[in-house]
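Working notes, beginning with the structure itself.
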Amino acid sequence: MTWIVLIIIILVLFGMSRGAISMAPWVPTRRKDFSRIDKLAKLKEGDNFVDVGCGTGSLLVYLAKKYPQTNFVGIEIAWPLFLITYSKKIFFGCQNIELKNRDFFKCDFSDYNKFFVYGLTRKAFSRLSQKIKKECDSGTKIISYTFSIADLNLIKKEKSGNNGVPINLYAI
């Protein structure tokens with residue numbers, strides 16, 4: 001029995017390390033900031049919103065329940081987090097969420113007009129911004145939680161209170 005538990009722990013740690021080593025460790029977006037992100041996103045029917053590195057999918061589920069006519073995509077490379085997000089999608093009945101368990105650099109971004117990103121390395125942010133610029137239309141919006149993206153056009157930097165985490169809105 002001890003071996004089974006040990007094997008499960010090793011598999012979960014391996015699954016989590018894939019994203020942490022290549023792009024960023026998993027750190028969840030604070031729930032108290034979901035409404036601020038929602039306000040900046042200005043979601044409407046027909047938008048295609050992608051959460052790049054969606055983790056456990058809490059933000060996706062929050063937004064998908066609020067905007068049932070908007071399309072949401074969560075991309076997560078770590079399969080343990082992907083499975084949690086998939087379970088939430090089923091449990092909350094969010095038919096407007098599509099999930100992808102893969103490296104987001106291998107995804108086609110041309111259909112998306114709103115992005116949410118959090119906690120990538122500088123190198124990953126740079127690669128991601130170049131990919132978005134290359135594949136997406138002018139007017140595409142990118143919301144970055146906490147971190148700045150040097151080579152994108154900053155539209156708004158929002159900080160809430162003394163302990164507020166900055167949320168940056170960029171456009172192509």
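Quick notes
- The H on the amide N of residue 146, modeled in the peptide plane, is under 5 Å from the matching H of 167, 168, each at least 5 residues off or on a different chain.
- Karplus-based coupling profile of the stretch 52-65, in residue order and whole Hz: 7, x, 6, x, 8, x, 4, 5, 4, 5, 4, 6, 5, 5, with θ = phi - 60° in 6.51 cos²θ - 1.76 cosθ + 1.60 and x standing for Gly or Pro.
- Note on the stretch 35-172: Cα Rg divided by 2.2 N^0.38 Å, N the number of residues, gives 0.99.
- Straight-distance candidates among the lysines for linking to residue 65, with alpha-carbon spacing under 22 Å and chain neighbours fewer than 8 residues away dropped: 32, 39, 42, 44, 88, 89, 100, 114, 141.
- Among 45, 135, the ranking by other beta carbons within 10 Å of each residue's beta carbon, starting with the fewest, stands as 45, 135.
- Estimated from the Cβ-Cβ distance and a Förster radius of 35 angstrom, the FRET efficiency linking residue 95 and residue 153 is about 0.55.
- Part-to-part distance (alpha-carbon centres) for the stretch 128-172 and the stretch 73-123, which is given in Å: 18
- Ranked packing of 113-124, 88-99, most packed first, by mean Cβ within 10 Å: 113-124, 88-99
- Amide H contacts for residue 99 (H built 1.01 Å from N in the peptide plane; partners 5 or more residues away or on another chain; cut-off under 5 Å): 74.
A short reminder: the numbers here are calculations on the coordinates, not readings from a lab. Just so you know, these numbers come straight off a predicted model, no measurement behind them. Every residue, glycine as well, gets a Cβ built from its backbone with ideal geometry; the counts of neighbours run over all protein chains shown.
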